[in-house]
Amino acid sequence: MMYSMLKSPPFWHKKSSLAATILSPLGYLYGSATYLKQHLYSPQKLPVPVLCIGNVVLGGAGKTPTAIAVARMLQDSNYAPHILTRGYGRHKRTLLRVDPQHHHFSDVGDESLILGCIAPTWVYHDRFQAGQQAIAAGANILIMDDGYQNTHIVKDRHLLVVDTSQCIGNGKVFPAGPLREFLWSALRRADAIMMIGESKCPLPYNGPIFQANLVPQSRLLPQNTEIIAFAGIGYPPKFKKTLQDLSFSLKQFIAFPDHYPYTTKDIEPLLAQDYPVITTEKDWLRLPPAYQPHVHMLKVDLQLAEPVVFRKWLEGCFKSDL
């Protein structure tokens with residue numbers, strides 16, 4: 001995708017700006033092309049239910065932690081979910097089943113390595129072919145991590161993930177803003193919304209809305225520890241705020257482009273300073289292996305406000321299809 005290695009420009013998150021105004025015609029064209037693609041292509045139907053977990057904003061919104069939580073819930077209910085993902089940032093273009101013990105992020109992508117530890121995960125640009133392989137391997141439910149705008153396969157349910165810390169930015173479509181498509185089009189396809197975070201993000205949507213937070217799995221260091229942190233994710237300020245909420249003292253915070261492949265030149269200056277260095281799980285996986293033992297990794301889990309209610313909705317989506 002043309003935007004996969006972009007840094008989110010500040011004007012995307014301002015209510016009004018000259019840059020957004022100038023780029024708005026291009027945003028309208030991009031949104032129109034995406035809308036037409038949704039209606040001109042004929043997606044193929046797979047013989048098992050497909051749940052698409054996606055977002056309308058470029059970059060991170062919490063899709064991967066949501067996919068993990070959904071996969072675990074389905075496994076607990078004795079389903080056999082497999083996960084389909086494109087594998088952003090990978091160099092190989094072949095269809096692969098992720099093996100976290102042997103694959104490198106350049107083979108399958110950073111998010112895929114995380115997902116592959118939870119459920120069987122398949123990476124390929126053609127989700128229909130990947131889905132066929134997953135079904136042949138025993139899947140009876142398919143989870144699409146990302147792919148909300150994908151037109152290869154029919155999705156039985158759409159779960160739209162919204163990060164409330166950035167919400168929908170300035171509400172404009174790329175490149176004028178952070179939206180992948182027109183908001184009204186994305187909301188019309190949503191069967192439910194997962195709001196992640198404590199901020200308010202009012203949207204013109206009348207369907208089910210679930211609330212959740214991303215919670216660190218454990219505390220890496222004591223409160224008030226002075227640290228250096230970095231992140232190459234869709235919205236780095238979100239990770240910065242997480243660290244501040246954990247009462248770390250940030251001596252330096254560096255934002256890299258999304259899915260950035262780190263090199264020795266990037267990491268050595270950070271480690272040369274006399275402070276612990278912390279990054280996200282996805283970023284840690286993209287470090288040169290020699291530096292991984294020297295960088296702290298902050299893992300997070302999705303914590304639902306009403307897990308029983310969400311589980312009931314999730315199981316209700318598929319009981320009639322299985």
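Here's the yes/no breakdown for (1) over 24 Å from Ser199 (Cα atoms); (2) assigned by TED's automatic domain parsing to the domain that holds Asn55; (3) buried (at least 16 other Cβ atoms within 10 Å of the Cβ):
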| site | (1), (2), (3) |
| --- | --- |
| Phe230 | no, no, yes |
| Ile233 | no, no, yes |
| Leu246 | no, no, yes |
| Leu250 | no, no, no |
| Ala255 | no, no, yes |
| Thr264 | yes, no, no |
Identify the single condition in (1) surrounded by fewer than 21 Cβ atoms within 10 Å (Cβ to Cβ); (2) under 21 Å from Ile143 (Cα atoms) that Phe310 does not satisfy, given that it satisfies every other one.
-> (1)
Output the number of the condition that Gly87 fails; it satisfies all remaining conditions of (1) in contact (Cβ under 8 Å) with a residue 40 or more places away in the chain; (2) outside any helix (DSSP H, G or I).
-> (1)
Restricting attention to the stretch 91-113, the residues that are touching a Ser or Thr at 6+ places or on another chain (Cβ under 6 Å) and crowded, with 16+ Cβ neighbours inside 10 Å number exactly 3
Out of (1) crowded, with 17+ Cβ neighbours inside 10 Å; (2) basic (Lys, Arg); (3) farther than 25 Å from Phe105 by Cα, the odd one out for Lys319 is which?
-> (1)
Residues being among the basic types (Lys, Arg) and farther than 14 Å from Thr121 by Cα: count how many of those fall in the stretch 82-104.
-> 3
Can you name the strands (runs of 3 or more DSSP E) wholly within the stretch 142-250 that have at least 2 residues being out of contact with any Gly (no Cβ under 8 Å at 6 or more places or on another chain)?
-> 157-163, 209-216, 226-231
Can you confirm whether the stretch 114-126 contains a residue that is in contact (Cβ under 8 Å) with a residue 60 or more places away in the chain and in the same structural domain as Tyr88 (by TED's automatic domain parsing)?
-> yes
Complete set of residues in the stretch 266-279 that are modelled with pLDDT of 95 or more and either crowded, with 16+ Cβ neighbours inside 10 Å or of a type in the set (D, E, K, R) (or both) | Asp266, Ile267, Glu268, Leu270, Tyr275, Pro276, Val277, Ile278, Thr279
Among residues of the stretch 42-77, those that are exposed (fewer than 15 other Cβ atoms within 10 Å of the Cβ) and either outside the structural domain of Ala119 (by TED's automatic domain parsing) or in a helix (DSSP H, G or I) (or both), counted | 2
Residue list for the stretch 298-315, filter: hydrophobic (A, V, I, L, M, F, W, C) and either touching a Leu at 6+ places or on another chain (Cβ under 7 Å) or in contact (Cβ under 8 Å) with a residue 60 or more places away in the chain (or both) = Leu298, Val300, Leu302, Leu304, Ala305, Val309, Phe310, Trp313, Leu314
Here are some conditions: (1) touching a helix residue (DSSP H, G or I) at 6+ places or on another chain (Cβ under 9 Å); (2) within 25 Å of Ala69 (Cβ to Cβ); (3) not assigned by TED's automatic domain parsing to the domain that holds Gln166. Lys241 meets all but one. Which one does it not meet?
-> (1)
Name the one entry in Gln273, Gln303 that is outside any loop (DSSP other than H, G, I, E, B) and in contact with a strand residue (DSSP E or B) (Cβ under 8 Å, 6 or more places away or on another chain).
-> Gln303
Of the residues in the stretch 138-156, those that are surrounded by fewer than 21 Cβ atoms within 10 Å (Cβ to Cβ) and under 14 Å from Tyr79 (Cβ atoms) number 3
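The values are calculated or read from the model by the stated rules, or taken from the named source; none is laboratory data. Worth saying up front: this structure is predicted, and the values here are computed from it rather than measured. Glycine gets a Cβ as well: all are built from the backbone with ideal geometry, and neighbour counts include every protein chain shown.
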